[in-house]
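> Would you mind keeping the following structure in view while I ask a few things?
Quick note: the coordinates plus some simple rules give every number you see, no bench work behind them. Since the structure is predicted, the reported quantities are computational estimates derived from the model, not experimental observations. All Cβ positions, even for glycine, are placed from backbone atoms using ideal geometry, and neighbour counts span all protein chains on display.
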Amino acid sequence: MFYRLILLSLLMLSVACQEQMQVPADERYPWQITLTTSGSSSIFGVVLNETRLADAVNRLGRHYKIALFAETEDKLSLEVYYADFTRSGLSGRLVLTLDAGNDVLQTLKSKAGRGERLESGVIQYKLGAQVEPVIRDLMVRAMTYLPYADLKPEVAKARFGTPAEVIRSHAKAEHWLYPDKGLDMILTEEGRDILQYVPPNRFADLVRPLKP
C-alpha cells in the first residue's frame, strides 16, 4: 500500500510537470497581462472580447461549471468557473464572464432548474453540460481570479507594479486600480483578495460605481 501511494504521487507529479511544460512562459501567472493592438488584454492565454469559450477551455482545462446569475428578472449574467485553478504552483478560483445576448440568457434561464438565492440576493441557476453547444462560441468578456493565498500589499506591488489609484471601498478593502492593464485588484484585510480583469478600453465602466 505504501509503495502504491508513492507511485501515485510520482504519477501525479509527472502529469503536473507535463502540464506546466505545455503552458507558455508568458501565460503562467495572474500578473502576466499582455496588451493587444485591439485595445484588449490577455490573461492566462485568454484574450478578453476575442477568445471564444471553446478556445478558452482548451487552454484552461475542462474541469469547470456553468452558472447563470439573476440580479433582477431582466439583469442576467453567464459565468463559467473553475473551483480549483492551478498554474505554476499558484491556486485559486477562476471565473470567466461570457458575452451573451439577452435572448441567449433568457433561453438558458428557461432551461435551468430552480435557482438558489445567494446571500447577496442574486439568484444562481446551475447549468449542465447540455448547454455547452449554445455557449461554446460566446466570447469571454471579463475574468475574475480569486487566489487562495493572501496577497500582501508589498507582494502585490512587486508583481503588478504601483497602482495608478487606490480607492478604499470600505474599512477593510482597497481597490488598486491599473487602468492601462484593465485590472481592479481588491485587497482585503481578511485575505479574500479579488482580481478583476476587463479590456483596458472598458475599464472606466468597471470602476464607475467606485467613484462619486
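> What label, among [x] 27, 25, 18; [y] 31, 20, 16; [z] 22, 20, 17, belongs to semi-axes √(5λ) of the Cα gyration tensor in Å computed from the structure on display?
It is the value labelled [x].
> Which one of LEU105, LEU118, LEU146 has the biggest mean-square fluctuation once the chain is modelled by GNM with Cα springs under 10 Å?
Looking only at LEU105, LEU118, LEU146, the biggest GNM fluctuation is shown by LEU118.
> Would you mind computing, in nm to one decimal, how far apart the modelled labels at THR107 and HIS63 are, each placed 7 Å from Cα along Cα→Cβ?
If labels sit at THR107 and HIS63, their model points lie 3.1 nm apart.
> Would you mind telling me which residue in SER120, SER88, SER40 has the biggest mean-square fluctuation in a Gaussian network model of the chain, where springs connect alpha carbons within a distance under 10 angstrom?
Taking springs between Cα atoms under 10 Å, the residue moving most is SER120.
> If you don't mind, another one. Work out the FRET efficiency for ASP84 and THR37 from their Cβ-Cβ distance, taking R0 = 45 Å, and round it to the nearest 0.05.
Result of the calculation: an efficiency of 0.85.
> To continue, here is another question. With Cβ to Cβ distances under 12 Å as the rule, what net charge do the other residues near MET139 carry (K, R +1; D, E -1)?
Details: positive: ARG52, ARG136, ARG141; negative: GLU50, ASP55, ASP99, ASP137.
Result for the local shell: -1.
> On to the next question. Given a Förster radius of 25 Å and the C-beta distance between GLU190 and GLU132 as r, what FRET efficiency does 1/(1 + (r/R0)^6) yield to the nearest 0.05?
It comes to 0.10.
> How many lysine pairs are close in the chain, with Cα atoms under 29 Å apart and the two 8 or more places apart or on different chains?
22
> Next up: Test of understanding: what is the full-extension gain from TYR29 to ARG114, defined as 0.36 nm times their sequence separation minus their Cα-Cα distance?
Between TYR29 and ARG114, full extension yields an extra 26.9 nm.
> Output ³J(HN,Hα) for region 166-177: one whole-Hz value per residue in order, computed from phi by the Karplus curve 6.51 cos²θ - 1.76 cosθ + 1.60 with θ = phi - 60°, and x for Gly and Pro.
Per-residue couplings from phi come out as 10, 10, 8, 7, 7, 4, 10, 9, 10, 9, 8, 9 Hz.
> Here's a follow-up. For the chain, modelled as a GNM with alpha-carbon contacts under 10 angstrom, which of GLY121, GLY45, GLY191 fluctuates the most?
Per the Cα network of the chain with a 10 Å cutoff, GLY121 tops the list.
> Could you derive backbone 3J(HN,Hα) for region 107-121 from the dihedral phi with the Karplus parameters 6.51, -1.76 and 1.60 (θ = phi - 60°), listing whole Hz in sequence and x where the residue is Gly or Pro?
Each residue's phi maps through the Karplus curve to give 5, 5, 5, 5, 8, 6, x, 6, x, 10, 7, 8, 4, 6, x Hz.
> Counting helices only, and only those DSSP H runs with n ≥ 4, report the 222 nm mean residue ellipticity of the chain as the sum of -39,500 (n - 2.57) divided by its residues, in deg cm²/dmol to the nearest 500.
It lands at -7500 deg cm²/dmol.
> Let me ask something additional. What are the residues whose amide H is under 5 Å from the amide H of LEU127, where those residues sit 5 or more places off or on another chain and H is modelled from the backbone?
ILE66, ALA67, LEU68
> Each residue of region 145-162 in order: what ³J(HN,Hα) in whole Hz does its phi give by Karplus 6.51 cos²θ - 1.76 cosθ + 1.60, θ = phi - 60°, with x for Gly and Pro?
Karplus values, whole Hz, x for Gly and Pro: 10, 10, x, 6, 7, 5, 8, 5, x, 5, 6, 4, 5, 5, 8, 9, x, 6.
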